[in-house]
Amino acid sequence: MKLKFKIKQDQQLREFIAEHDISEKLLSAIKNNGDLRVNGEHVTVRCLLRKEDMLEIIFPEEKRGKQLTPAKMELDILYEDEYLLVVNKPAMMPCIPDHRYHDQTLANGLIAYYESIGLDSTIHFVNRLDRETSGLLIVAKYRYIHYLLSREHIERKYMALAYGQVSDQTIDLPIGRLSCHVRREILPAGKPSVTHCHVLKQGEHFSLVECRLETGRTHQIRVHLSAIGHPLIGDRLYGDIRNSAGTYYLHSYQLRFTHPITKQVLVFVEERPIDEAYYQSD
């Protein structure tokens, strides 16, 4: 990856680098396997930048692990530039390989896509979704872009189909884990967790709820809705054993964030139809 900057005022290169959140570790990697150039000439961090200079920061190449193999698949890419992409993940697809899913994950598909466009890098998910959860994900193409995005506020909104008559409310309950099991719990010593709920539609036995996350804990929406007595329809892990669908409806439908390089505010919205099977309870 290469970043170019037109210098706006005289200053030391080291100072400029610090202002752009390039760590000492990354700077060392740039020195060893990348380059720093001013007006096309190699320089060191002791260089004095002058107004109107053109600075190039060339980052070292990123190699993926051998265990992450490419797998060709159809990808629903909503946005892409040289730094990141936004992809719409289908339900029932894991983000990354594990002991159960070795090669049919979104990461495997993205690696195959990278190879098709000649991009030699690895996968950096800025946000992640559970296997059953569908919707929008930000994928940084480079570690530095991932780092910048991890420091930014990303507004995330989900649609969730829950049992019963949910009311508009903010759920502020700490979430933690009692053991090594995947299930999370409401625990006094857990991490602060806040979900803002707004009802979009209601039926006799269900509520379609927009959930805006203020924090991003594992299973946060599922835990919070279960804690107030309204588990997701079909979410057997968190209390719903009444629905025969076997899966639940939870969809990441809106992302809003500031692009780490261009500083443009980006907003993406992608809704997902609800299968009638989710409404059918035993």
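So, restricting to strands (runs of 3 or more DSSP E) that lie completely within region 28-122, which ones have at least 3 residues that are within 20 Å of TYR144 (Cβ to Cβ)?
The qualifying strands (runs of 3 or more DSSP E) are 35-38, 54-58, 84-89.
Can you name every residue in region 197-207 that is surrounded by fewer than 17 Cβ atoms within 10 Å (Cβ to Cβ), in a strand (DSSP E or B) and in contact (Cβ under 8 Å) with a residue 12 or more places away in the chain?
In the first step, residues of region 197-207 are kept if they are surrounded by fewer than 17 Cβ atoms within 10 Å (Cβ to Cβ); the result is 198-205.
Narrowing further to those that are in a strand (DSSP E or B): 198-202.
If the condition is that a residue be surrounded by fewer than 17 Cβ atoms within 10 Å (Cβ to Cβ), in a strand (DSSP E or B) and in contact (Cβ under 8 Å) with a residue 12 or more places away in the chain, then HIS198, VAL199, LEU200, GLN202 are the ones that fit.
If we scan region 24-39, do we find a residue that is in contact with a helix residue (DSSP H, G or I) (Cβ under 8 Å, 6 or more places away or on another chain), outside the structural domain of ALA160 (by TED's automatic domain parsing), modelled with pLDDT under 95 and exposed (fewer than 14 other Cβ atoms within 10 Å of the Cβ)?
If we filter region 24-39 for residues that are in contact with a helix residue (DSSP H, G or I) (Cβ under 8 Å, 6 or more places away or on another chain), which is where we start, we get 26-27, 36, 38.
Restricting the remaining residues to those that are outside the structural domain of ALA160 (by TED's automatic domain parsing) gives 26-27, 36, 38.
Filter once more, so that each one left must be modelled with pLDDT under 95: 26-27.
Imposing the further condition that a residue be exposed (fewer than 14 other Cβ atoms within 10 Å of the Cβ) reduces the set to none.
No, region 24-39 contains no residue that is in contact with a helix residue (DSSP H, G or I) (Cβ under 8 Å, 6 or more places away or on another chain), outside the structural domain of ALA160 (by TED's automatic domain parsing), modelled with pLDDT under 95 and exposed (fewer than 14 other Cβ atoms within 10 Å of the Cβ).
Checking the structure you have, find out if any residue of region 124-131 is assigned to a strand (DSSP E or B), touching a residue at least 60 places away in the same chain (Cβ under 8 Å) and either under 17 Å from GLU270 (Cβ atoms) or under 12 Å from the mean Cα position of the chain (by Cα) (or both).
Narrowing region 124-131 to residues assigned to a strand (DSSP E or B): 124-125.
This time we only want the ones that are touching a residue at least 60 places away in the same chain (Cβ under 8 Å), so: none.
No, there is no match, as no residue in region 124-131 is assigned to a strand (DSSP E or B), touching a residue at least 60 places away in the same chain (Cβ under 8 Å) and either under 17 Å from GLU270 (Cβ atoms) or under 12 Å from the mean Cα position of the chain (by Cα) (or both).
Looking at ALA71, ALA140, which is the one that is crowded, with 16+ Cβ neighbours inside 10 Å and either touching a residue at least 60 places away in the same chain (Cβ under 8 Å) or over 12 Å from the mean Cα position of the chain (by Cα) (or both)?
Details: ALA140 fails: either touching a residue at least 60 places away in the same chain (Cβ under 8 Å) or over 12 Å from the mean Cα position of the chain (by Cα) (or both).
Exactly one of ALA71, ALA140 is crowded, with 16+ Cβ neighbours inside 10 Å and either touching a residue at least 60 places away in the same chain (Cβ under 8 Å) or over 12 Å from the mean Cα position of the chain (by Cα) (or both), namely ALA71.
Would you confirm whether any residue within region 158-166 is in a strand (DSSP E or B) and at positive phi?
no
Scan (1) aliphatic (A, V, I, L, M); (2) at pLDDT 95 or above; (3) over 19 Å from ASP130 (Cα atoms); (4) buried (at least 16 other Cβ atoms within 10 Å of the Cβ) for the single condition MET54 breaks and write down its number.
The number of the failed condition is (4).
crowded, with 17+ Cβ neighbours inside 10 Å and either of a type in the set (A, V, I, L, M, F, W, C) or in a helix (DSSP H, G or I) (or both) - does that describe any residue in region 177-196?
No: region 177-196 contains no residue that is crowded, with 17+ Cβ neighbours inside 10 Å and either of a type in the set (A, V, I, L, M, F, W, C) or in a helix (DSSP H, G or I) (or both).
Would you check which residues across region 169-185 are touching a residue at least 24 places away in the same chain (Cβ under 8 Å), closer than 19 Å to ASP130 by Cα and not basic (Lys, Arg) and list them?
Within region 169-185, ILE175, VAL182, GLU185 meet the criteria.
The values are calculated or read from the model by the stated rules, or taken from the named source; none is laboratory data. Everything numeric here is computed off the predicted structure, so don't read it as measured data. Reconstructed Cβ throughout: ideal geometry from the backbone, glycine too, with neighbour counts over all protein chains shown.
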